[in-house]
1. Compute the helix-to-body angle for 5-19: its Cα long axis versus the longest principal axis of the chain, expressed 0 to 90° and rounded to tens.
2. P(r) for the range 265-362: what percent of alpha-carbon pairs falls in each 10 Å bin, starting at zero?
3. Rounded to the nearest 20 debye, what is the charge dipole size of the range 96-233 about its Cα centre when +1 sits on each Lys and Arg Cβ and -1 on each Asp and Glu Cβ?
4. Asn228: net charge of surrounding residues, Cβ under 13 Å, Lys/Arg +1, Asp/Glu -1, itself excluded?
5. According to the square roots a ≥ b ≥ c of the eigenvalues of the Cα gyration tensor, what is the shape class of the range 1-115, taking rounded for a/c under 1.5, prolate for a/b larger than b/c otherwise, and oblate for the remainder?
6. Take the alpha-carbon centre of the range 173-199, take the same for the range 268-290, and report the distance between them in whole Å.
7. In degrees from 0 to 90, rounded to the nearest 10, what is the angle of the helix 75-84 Cα long axis to the longest principal axis of the chain?
8. Add -39500 (n - 2.57) for each DSSP H run of 4 or more in the chain, then divide by its residues: what number comes out at 222 nm, to the nearest 500 deg cm²/dmol?
Amino acid sequence: MPQDAFTLRYLCQELNTVFADGKVNRIVQPDNDQLVFTVYTNEKRTQKLLLSVNPASPRIGVLSGEVDSPLTAPNFCMLMRKHLLSSTLLGIQLIGFDRIVKIDFLTSGEFKDAEIKSVYVELMGRYSNVILTQNGKILGGNRGINMFDNGVRPLIVGMPYVFPPVGDKKVPNDNALISCFNQNQNEEIANLITKKVQGVALSTAKEIEKEFITKYKNSEDFGANLFNALNDYLYNTRARPCVFVQKSQVVDVCVYPYETINQEPLFFDFLYQAEEYYFCQKDAQKRYQNKRERLLNLTNSAIKKAKKRLTAINSKQKDALCSEDNKLKGELLLANLYRLKDGQSECILENYYDGTQVKIQLDQNLSITQNAENYYKKYNKQKRTLTALEPQRKMAESELNYFLSVSDEVLLAETFDELLLVQLELENAGLIVQKQVNQNKKKSTSFCREYCVDGFTVLVGRNNAENDKLTFTSAPNDVWVHVKDYHSSHVIIQARGKVVPEKVILTACEICAYYSKGREGGKTDVVYTNKKNVKKPPKSKPGFCIYENFRSIVVKPEKHAEFLKSE
């Protein structure tokens with residue numbers, strides 16, 4: 001995103017309007033990278049000023065939601081409270097044209113005159129920091145004694161605060177840029193701007209390049225014209241904050257709808273509102289992806305173990321299947337005792353069942369009778385092995401199918417809350433150690449997705465546990481829907497004594513197909529029947545059931561969000 005000085009300049013203007021002359025009532029530090037000031041503003045209401053130096057997404061903005069305060073405040077939070085609590089926020093401004101924001105506070109004490117203390121928020125990726133200063137000297141920093149650029153700029157308490165080095169880049173209104181542009185006019189314009197101008201992101205530079213080509217296409221004075229186009233865009237562009245969205249995923253946030261970005265813009269009244277929406281959505285997407293990857297790793301590990309166990313059982317069964325051969329060899333040895341002599345290492349005997357020749361290995365240290373007994377012992381042991389392995393094989397197959405279904409649930413989950421439900425299921429299955437922190441989340445989650453289709457309530461399970469509860473708490477004449485040959489959500493159409501129309505059944509089948517692995521292949525075969533025809537075998541895994549007297553229909557998977565009441 002273009003979180004550059006061009007964006008921060010507009011953002012600081014808005015934040016200054018909101019917070020200037022407000023009184024700081026509360027300071028909390030939810031985590032190591034965030035600091036939140038609760039400010040009572042001139043509009044007679046409280047607003048929260050967020051300072052985040054998370055290396056992945058450093059920002060400053062307004063926070064509308066609540067924040068948790070740790071039981072024990074971090075040292076830096078205690079320092080900020082000591083110096084800035086009950087102070088007046090004088091103003092917020094961008095320093096020069098770099099990604100540094102200065103916030104001035106007017107503090108006063110009982111025995112001393114009012115003093116101005118400044119907080120510098122450096123929004124520079126992994127070098128981001130929040131630094132408290134007084135009279136130009138450092139009182140403390142969020143990153144402690146941090147080094148910038150391999151020790152070029154040490155941040156030490158009591159030392160003067162020095163701005164980060166900017167290299168050979170120049171501010172946009174520096175006339176020296178004209179000659180610099182002329183010397184490098186063969187370079188791509190957007191890259192030239194980002195290399196030579198402070199605080200301009202590549203996406204912003206591309207917009208400036210587009211405007212430059214439009215306005216000065218046939219002009220000869222390259223350096224001066226690019227200089228004019230640069231300053232005109234950076235200082236005179238009218239703000240129209242927006243967030244670019246693609247398939248319900250936020251892509252970027254901008255001061256103005258960039259023409260070089262092809263996604264659909266979602267407009268906001270203020271840039272800080274757009275940024276809060278963008279970062280909240282981005283954080284939610286990241287949390288969703290992290291949780292999804294973790295659950296997939298757990299289920300894939302469980303699937304791998306189940307497959308390994310099943311392979312070992314099948315291998316043992318394969319070895320035990322030769323038990324009839326050992327029985328036959330024992331029979332043939334006893335039947336031919338008169339022809340054989342002790343001490344032989346092998347013999348070839350005729351199989352009197354089919355007339356074939358059978359080669360039998362013998363232990364020279366044992367008699368023929370003892371060799372025959374050994375073959376019978378092997379036969380009996382293999383028969384016992386086969387008997388013992390069969391329930392183990394069925395259990396291993398059941399576990400494998402169950403974990404495959406849970407893996408499908410993770411892949412089909414569209415929200416973080418749905419992943420929490422899968423996590424709860426894995427906790428109940430013993431694959432994840434349960435934590436007390438999850439109890440509140442369990443209570444807050446709703447039950448099933450609920451649709452209203454032409455007056456009929458359609459309920460859709462979101463995991464195996466919900467599928468079981470939904471199916472086996474429904475009325476006997478409710479319509480039960482499931483995808484054929486794939487794991488899918490269980491869907492119930494509540495009949496309530498009415499005849500369910502074919503249109504409602506078709507819609508429910510399309511929804512069921514959407515929440516199944518079968519949606520990847522286009523049209524899907526879906527079955528439906530009355531719930532009374534659905535049974536759960538004893539000791540079967542969650543989500544597993546058998547059904548009879550069903551009808552099937554081929555449908556195209558559709559979410560039908562227009563009928564969705566709650567998730």
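1. 80
2. Percent of Cα pairs in each bin: 12, 20, 13, 11, 10, 9, 8, 7, 7, 4, 0.
3. Numbers: 16 positive and 17 negative charges, 78 e Å.
Dipole size: approximately 380 debye.
4. Numbers: positive: Lys215; negative: Glu211, Asp221, Asp232.
For residues surrounding Asn228, the net value is -2.
5. Cα axes put the range 1-115 in the oblate bin.
6. 33
7. Around 30 degrees separate the two axes.
8. Values: 13 runs with 219 residues, N = 567.
One gets -13000 deg cm²/dmol as the mean residue ellipticity at 222 nm.
Values in this text are rule-based calculations from the coordinates and carry no lab data. Remember, predicted model here, so these are calculated numbers, not experimental data. Reconstructed Cβ throughout: ideal geometry from the backbone, glycine too, with neighbour counts over all protein chains shown.
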